[in-house]
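Asks: If you scroll down you'll find the structure; I have some questions about it.
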Amino acid sequence: MRKGSQLLVDALENEGVDRIFGVPGEENLDFLESLRTSRIELVLTRHEQAAAFMAATHGRLTGRPGVCLATLGPGALNFSTGAAYAHLGAMPMILITGQKAVMSARQARFQIVDIVASMKPLTKMTRQIVSAGAIPATVRDAFRVAMDERPGPVHLELPEDIAAEEVDDAPVIPIHPIERAIAPETAIDRAVHAVLAAKRPLVMIGAAGSRPWLADALSGFVSRTGLPFFNTQMGKGAVTGGSNLYMGTAALSEGDYVHEAVARADLIVAIGHDTVEKPPFLMQHAGGPKVIHVGFQSATVEQVYHPDIEVIGDIGASVTALAERLEGRLSGDAGMLELRQKILARLNDRADEDRFPLTPQRIVHDVREVMPDDGIVCLDNGMYKIWFARNYRTHVANTLLLDNALATMGAGLPSAMMAAMLYPQRRVMAVCGDGGFMMNSQEMETAVRLGLNLVVVILNDSAYGMIRWKQAVDGFEDFGMRFGNPDFVRYAQAYGAKGSRVTSAESLVPTLEAAFAGGGVHLVDVPIDYAENTRVLVDELRNRTPDLDCK
């Protein structure tokens, strides 16, 4: 005889789970006891939201679902933002929550919320486990659903009486590989014909192109075809560096320098575009370039995205097949490559300016200088995300992690913590605004307790900078966006971390280098001057493109 909680742990071990992130509660105690004697490590966080962000980032970086744990009611509801983060960002994860007994009601309705119903719009699947004997099959199905394209979160609710229920031993379900469907030859033929007929084809790589296993296939496609490419924010880093074909990142929807390449193209091969992202370009109903959609799933047709040709199937197999048919048959567009140099030159403008507080361009430049090719930068959400998306050059796949789907604040530090756990030999940096950092700053204690090597950069402007900028762009008065901050150096030290404050532009690089060299968790307080937002992202682009809409 085995308890339901033990069956759940056995099933998780069968799936290769080695860590669970979370904050347990009374309703998880049977599961916690079974976990105590297992091979799975419990990573205790200080808030359930951070646990969910960590589990989602595990899924994003490995392709295998991360797992997080919370109790019922308030603990489970704290998972909501993390579930939405994974759902919109296509990150596989499993959320496990507790619940009061379902066979009795000895505490009446105390703390009871219908979590299964609340998770339904935020997950691919949500299910209450009502029989201990069904746990092995339920877990196997949950992992299969979470990993199947399009990946995302799955929620399982384990009531405490089901966790404590003793049943005859139920064996785990063996894992078997599932091959992804391959696009039909007729679709490949149509795409090849369209590319060969185009005079100025351009490739765009979207969020689904950043799956961990696609880097080689996409990099090979670019090098074999010689096609210039740009990417969406979440497609950034999908192709390894060195091709000299990268045109830039679409940090805005239109009017930026990279959109000169879009305007020049007569065909765009959109690989892995997910319309959950802010549009990287706006399709016109007439007069614009034709679009080929290459994806795991058929395109979601939107007002601004309605492709002409679709190649549906495993993206790796599709781009490899396209490369085999196109290699050696395309002649590069000299005008596009000339344009590349102009675009990149504009993005490097004022990157070494010594103004203080530091400009976003200087911060991006200096972070790139201290990060090796395989170093991982995890961004929270704020105005700086646009600057990093535009200006930060990646050389290795999945080394700039940002969220352009839910675009929630508070995810940067937990995401970087997960990256540091997975890749302890690589440099990992969290870049957070002061507003986003304070939303989950308590996880500094978790990072110190876990002994992580992690540098946390706080871009300090004492305001919700992005919304303040939008407020100014839209002509509103400066109101409701300013706040005070703690002394971040002393704040870090209070958690047992190290802290430094940058006091001049030239001190940023040596401060970051010293932080990495010293090891452990090190917070660096960096004052930032966002005046460049208006100069570059409004005035400069508007003067270049009079009809620019910066929204």
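Asks: Look through Thr399, Thr408 and report the one residue that is touching a Gly at 6+ places or on another chain (Cβ under 8 Å), among the polar types (S, T, N, Q) and in the same structural domain as Ile467 (by TED's automatic domain parsing).
Replies: Thr399
Asks: Filter the stretch 1-24 down to the residues that are over 19 Å from Arg140 (Cα atoms) and either aliphatic (A, V, I, L, M) or at pLDDT below 95 (or both) and list them by number.
Replies: Of everything in the stretch 1-24, those that are over 19 Å from Arg140 (Cα atoms) and either aliphatic (A, V, I, L, M) or at pLDDT below 95 (or both) turn out to be Met1, Val23.
Asks: Scan the stretch 303-338 residue by residue and report those that are of a type in the set (A, V, I, L, M, F, W, C) and farther than 22 Å from Ala238 by Cα.
Replies: Answer for the stretch 303-338, where residues must be of a type in the set (A, V, I, L, M, F, W, C) and farther than 22 Å from Ala238 by Cα: Val304, Ile309, Leu330, Ala334.
Asks: Say we look at the stretch 206-243 and pick out the residues that are in a loop (DSSP other than H, G, I, E, B) and of a type in the set (D, E, K, R); which of these is surrounded by the most Cβ atoms within 10 Å (Cβ to Cβ)?
Replies: Within the stretch 206-243, the match that is surrounded by the most Cβ atoms within 10 Å (Cβ to Cβ) is Lys236.
Asks: Turning to a different aspect of this structure: For the condition touching a Ser or Thr at 6+ places or on another chain (Cβ under 7 Å) and either in a loop (DSSP other than H, G, I, E, B) or buried (at least 21 other Cβ atoms within 10 Å of the Cβ) (or both), what is the one hit in Gly484, Gly499?
Replies: Gly484
Asks: Would you confirm, using the coordinates I've provided, whether Ala345 is farther than 24 Å from Ile271 by Cα and either outside the structural domain of Gly412 (by TED's automatic domain parsing) or at pLDDT below 95 (or both)?
Replies: Yes: the conditions hold for Ala345.
Okay, residues lined up against (1) surrounded by 12 or more Cβ atoms within 10 Å (Cβ to Cβ); (2) more than 21 Å from Ile20 (Cα to Cα):
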residue	(1), (2)
Gly98	yes, no
Thr126	yes, no
Pro177	no, yes
Arg190	yes, yes
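Asks: May I ask you to say which residue of Ser5, Ser38, Ser34 is assigned to a loop (DSSP other than H, G, I, E, B) and at negative phi?
Replies: Just a single option satisfies the conditions, and that option is Ser38.
Asks: Arg426 is checked against (1) part of a helix (DSSP H, G or I); (2) of a type in the set (D, E, K, R); (3) at pLDDT 95 or above and fails just one. What number does that condition carry?
Replies: (1)
Asks: In the list Val43, Val17, which residue meets the criterion of being buried (at least 16 other Cβ atoms within 10 Å of the Cβ) and either under 18 Å from Arg144 (Cα atoms) or polar (S, T, N, Q) (or both)?
Replies: Val17
Asks: Moving to a separate point now. So, in the stretch 298-332, exactly how many residues are touching a strand residue (DSSP E or B) at 6+ places or on another chain (Cβ under 8 Å) and surrounded by 15 or more Cβ atoms within 10 Å (Cβ to Cβ)?
Replies: 12
Asks: Which condition number does Val377 fail, the rest of (1) modelled with pLDDT of 95 or more; (2) assigned to a helix (DSSP H, G or I); (3) not hydroxyl-bearing (Ser, Thr, Tyr) being met?
Replies: So the condition that Val377 fails would be (2).
Asks: Has the stretch 374-390 got at least one residue that is surrounded by 24 or more Cβ atoms within 10 Å (Cβ to Cβ), touching a Cys at 6+ places or on another chain (Cβ under 7 Å) and at negative phi?
Replies: Scanning the stretch 374-390, I find at least one residue that is surrounded by 24 or more Cβ atoms within 10 Å (Cβ to Cβ), touching a Cys at 6+ places or on another chain (Cβ under 7 Å) and at negative phi, so the answer is yes.
Asks: Listed residues Leu508, Leu523, Leu452; which is touching a helix residue (DSSP H, G or I) at 6+ places or on another chain (Cβ under 7 Å), assigned to a loop (DSSP other than H, G, I, E, B) and within 24 Å of Ser415 (Cβ to Cβ)?
Replies: Leu452
Asks: Can Phe516 be described as in a helix (DSSP H, G or I) and of a type in the set (A, V, I, L, M, F, W, C)?
Replies: Taking the combined requirement at face value, the residue satisfies it.
Asks: Another question, then. Mind checking whether some residue in the stretch 53-61 is surrounded by fewer than 24 Cβ atoms within 10 Å (Cβ to Cβ), not acidic (Asp, Glu) and not assigned by TED's automatic domain parsing to the domain that holds Asn398?
Replies: yes
Asks: Shifting gears a bit: I need the full set of residues from the stretch 342-367 which are under 24 Å from the mean Cα position of the chain (by Cα) and over 15 Å from Ala505 (Cα atoms), in order please.
Replies: Passing the criteria: only Leu347.
Asks: Let me ask something additional. Kindly establish whether Val448 is in the same structural domain as Pro360 (by TED's automatic domain parsing) and over 17 Å from Phe356 (Cβ atoms).
Replies: Against the criterion (in the same structural domain as Pro360 (by TED's automatic domain parsing) and over 17 Å from Phe356 (Cβ atoms)), Val448 qualifies.
Asks: For the stretch 73-89, name all the residues that are among the hydrophobic types (A, V, I, L, M, F, W, C) and surrounded by fewer than 24 Cβ atoms within 10 Å (Cβ to Cβ).
Replies: Across the stretch 73-89, the qualifying residues are Leu77, Ala84, Leu88.
Asks: Could you check, for the stretch 189-197, whether at least one of its residues is touching a Pro at 6+ places or on another chain (Cβ under 8 Å) and under 24 Å from His87 (Cβ atoms)?
Replies: no
Asks: To continue, here is another question. Within the stretch 70-102, can you find the residues that are in a helix (DSSP H, G or I) and not small (Gly, Ala, Ser)?
Replies: Pro74, Leu77, Thr81, Tyr85, His87, Leu88
Asks: Can you tell me how many residues in the stretch 261-320 are touching a helix residue (DSSP H, G or I) at 6+ places or on another chain (Cβ under 9 Å) and not in a loop (DSSP other than H, G, I, E, B)?
Replies: Final tally of qualifying residues: 20.
Asks: Same structure again: Determine the pairs where a residue that is acidic (Asp, Glu), located within the stretch 493-506, has a partner that is at pLDDT 95 or above and buried (at least 18 other Cβ atoms within 10 Å of the Cβ) with Cβ atoms under 8 Å apart, the partner being 6 or more residues away or on another chain.
Replies: none
Asks: Given (1) among the polar types (S, T, N, Q); (2) surrounded by 14 or more Cβ atoms within 10 Å (Cβ to Cβ); (3) farther than 25 Å from Asp403 by Cβ, where does Gln361 come up short, assuming only one miss?
Replies: Every listed condition holds for Gln361 apart from (3).
Asks: Related question: From the set of residues in the stretch 244-260 that are part of a loop (DSSP other than H, G, I, E, B) and of a type in the set (Gly, Ala, Ser), which is surrounded by the most Cβ atoms within 10 Å (Cβ to Cβ)?
Replies: Selected residue: Ala250.
Asks: Filter the stretch 393-423 down to residues that are of a type in the set (A, V, I, L, M, F, W, C) and in a helix (DSSP H, G or I), then give me how many there are.
Replies: 8
Asks: Let me ask something else about it. Among the residues of the stretch 25-40, are any surrounded by fewer than 24 Cβ atoms within 10 Å (Cβ to Cβ), more than 20 Å from the chain's Cα centre (by Cα), of a type in the set (Lys, Arg) and closer than 24 Å to Met438 by Cα?
Replies: No, the conditions are met nowhere in the stretch 25-40.
Asks: Then there's this: Of all residues in the stretch 41-54, which are without any contact (Cβ under 8 Å) to a residue 60 or more places away in the chain and either part of a strand (DSSP E or B) or farther than 21 Å from Pro159 by Cα (or both)?
Replies: Glu41, Leu42
The values are calculated or read from the model by the stated rules, or taken from the named source; none is laboratory data. What you see is a predicted model, and the numbers here were worked out from it, not measured in a lab. Backbone-built Cβ (ideal geometry, glycine too); neighbour counts: all protein chains shown.
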